[in-house]
Protein chains: 2
Amino acid sequence: MTRPPGRPQGRAGHEGRRTAILRAALEVFAERGYQGATIAIVAERVGLSQQGVLHYFPNKQDLLANVLALRDQNDLDVLLATAQGSATTLDFLADLVERNAERPGIVQSFTVLAAESVTQDHPARDYFIDRYAQTRRMLTTMLERELGGDPPRGVSHQDAATLLIAVLDGLQQQWLLSPDEVDMPALLRTFLRLIHPEADANPQ
Amino acid sequence: MTRPPGRPQGRAGHEGRRTAILRAALEVFAERGYQGATIAIVAERVGLSQQGVLHYFPNKQDLLANVLALRDQNDLDVLLATAQGSATTLDFLADLVERNAERPGIVQSFTVLAAESVTQDHPARDYFIDRYAQTRRMLTTMLERELGGDPPRGVSHQDAATLLIAVLDGLQQQWLLSPDEVDMPALLRTFLRLIHPEADANPQ
DNA sequence: GTCTATAAAAAGATAGAC
DNA sequence: GTCTATCTTTTTATAGAC
C-alpha cells in the first residue's frame, strides 16, 4: 500500500479521475450542448457530487476548455491510427468518416459545440475559429502533396479543402437527424470522386 | 376611434405585435441559441416586460414553434422572389447564397438552431428532421427536371441534392466563424461547377 | 393588453466540516 | 479529496391589479 516513488498513487488516481470527468463531460455536452449541460449531470455520471467535479475543474468554462484539449489529443491519435492504414489522403478521409459513422456521440459533440460556438461570447469561439483555420491549412497541404501541381478539376487545393470540410460538417448534421436516410460514408466517397475521379477510394 | 367592422384595430395591433415579438425572438435565438435565449431579452427588444411577451405566447417552446413557422413563411417569400430572377436551379442556388451572405443574422439562426436540434428532447428536432427531408426531396426534383435523365457526373440527383445541402450548411458554419477567410458565394459556385460543369453560374 | 409582485425551480459557485 | 450546506443569480411561469 506504499506508493511507488516514481509515480505516486495519488497522482495517478487524480489524473484518472480528471480523465473520467472529461469523458463524461464530452458525453453530456454532446447530448445537451454547452449551455444545456450542467455540472451536476456530469458529476452524476462519474459518481461524484457537483462539488466533487468542481474540485478538479474550478468552473464550467474550465471544464469545457479541458474537454476540447482532450478532444484534440484523441483526434490526433485517431488521425494517426487511421492514416497508418490509408494509402492516400482521400482514402484517409473516407476511412475517417467510416470510423465516425460508428461514433455518433463524438460526431454530435463536435457538431453541437461548433455551431454553438458562433453565438455571442461563447467560450469555445476562438477554439473553433483556430481549429477550422488549422484544418483548412492542413488539408490544403495534404492535397497539394498528393495531387501535385495541377488542382483537381480546376478547383484550387485550398478551395477543395474548404469544400471538403463543409461536406464533412454538413453530412454530419443531416446524418445525426436521419441516420437511416443519409449514408454519410457513401456520400463522402461520392464527393471525393467528384473532386478526384481517377483515384477512387475503394468502398470497404 | 370606433373600430371598422371588417378589420378591428385591436386585431391588427395584436398581429403586428406578435410579428414584432417573433422577429426579435429570431434575432435572440440567433445570437444565443434557444437554450441561451431568455424571454426577458426578447421582451426588452420589443419594449415589453417578460409578462408582456407571455401574453402573446404562453411559453418559450411556443415562441420557438412560431418563430420557425414564420421562418418557413419568409423562406418561401425569399425563395419565390429569388427564383424569379434565376434562369436555372443552379443559378437560383448561387443567387440564394449571395443573398444569404448579406443576412448573417438569418444564416446564424438557422445554423445554431439546426445543430442544437440534434440534442436530447430539443423542441425543434422534429421540425428540422422534416425540413431537411423536405428540402432533399425538393432539390432532387428540381435537379431531375433541370438536368434531365442523366445524373451529373454519375452522381444520382438525390445524392447531389444531399451533398448540395451539406455544402450549404458547412460553408455557413465556416463563414460565420471567419467571414473574411471564407468566400461563401464563390465556394458554392465552385461546387456547382463540380456537379455541372457546362452550365456555369455566371458570377454576379 | 400590460404591468407589478411573486412563486418555484434550477444552476453556478463558495465555505467549511470530515 | 469529497461531501453537506448554503448563497446568489437567473429564469420560467402564475396570480392578480389596473
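Just so it is clear, none of the values below were taken in a lab; they were calculated from the coordinates. Because the structure is predicted, anything quoted here is derived from the model rather than measured. A quick note on method: Cβ atoms are made from the backbone with ideal geometry, for glycine too, and the neighbour counts reach across all protein chains shown.
Remarks
- Computed label-point distance, nm, for sites B:THR141 and B:ARG103 using a 7 Å Cα→Cβ extension: 2.2 nm
- Copies compared at A:GLN51 - label distances in nm, ascending, label defined 7 Å from Cα in the Cβ direction: 3.8
- For the stretch B:95-125, the set of GluC sites (Glu not before Pro) satisfying both a DSSP loop assignment and a count of at most 12 other C-beta atoms within 10 Å is given as B:GLU102.
- Using alpha-carbon coordinates, inclination of helix B:9-36 to the longest axis of chain B, degrees: 60 degrees
- Estimated 222 nm signal from helices in the protein assembly as shown, with DSSP H stretches of n ≥ 4 weighted -39500 (n - 2.57), rounded to 500: -24500 deg cm²/dmol
- Tensor-based shape of the protein assembly as shown (alpha-carbon gyration tensor, a/c under 1.5 rounded, otherwise prolate or oblate): oblate
- Between helix B:89-100 and chain B there is an angle of about 40 degrees, using the helix long axis and the longest principal axis of the Cα atoms.
- 10 Å Cβ neighbours from other chains, averaged over peptide B:105-118: 5
- Take A:LEU80, push a point 7 Å out from Cα through the beta-carbon direction, and compare it with the same point in every other copy: 5.9 nm, smallest first.
- Remark: label point of B:GLY105 defined 7 Å out from Cα along the Cα-Cβ vector; separations to the same position in other copies 4.0 nm, ascending.
- Taking 7 Å steps out from each Cα toward its Cβ at A:ALA69 and A:ALA186 produces label points 4.3 nm apart.
- Charge context of A:ALA115, other residues only, Cβ under 10 angstrom, K/R +1, D/E -1: -4
- Average beta-carbon neighbours from other chains, 10 Å sphere, peptide B:29-41: 4
- In terms of its C-alpha gyration tensor, the stretch B:1-112 has an oblate overall shape, because the principal axis ratio a/c (a ≥ b ≥ c, square roots of the eigenvalues) is not below 1.5 and a/b does not outweigh b/c.
- Kirkwood hydrodynamic radius of chain B, from the reciprocal of the average inverse Cα-Cα distance over all distinct pairs: 18.9 Å.
- Between 0 and 90°, nearest 10: helix B:184-195 axis offset from chain B longest Cα axis: 40 degrees
- Chain B, relative contact order in percent, only Cα pairs under 8 angstrom and at least six apart counted: 19 percent
- Net charge of Cβ neighbours under 14 Å - reference A:ARG125; Lys, Arg +1; Asp, Glu -1: -3
- Mean sequence separation of contacting Cα pairs (under 8 Å, at least six apart), scaled by the length of the stretch A:59-174, corresponds to a relative contact order of 21 percent.
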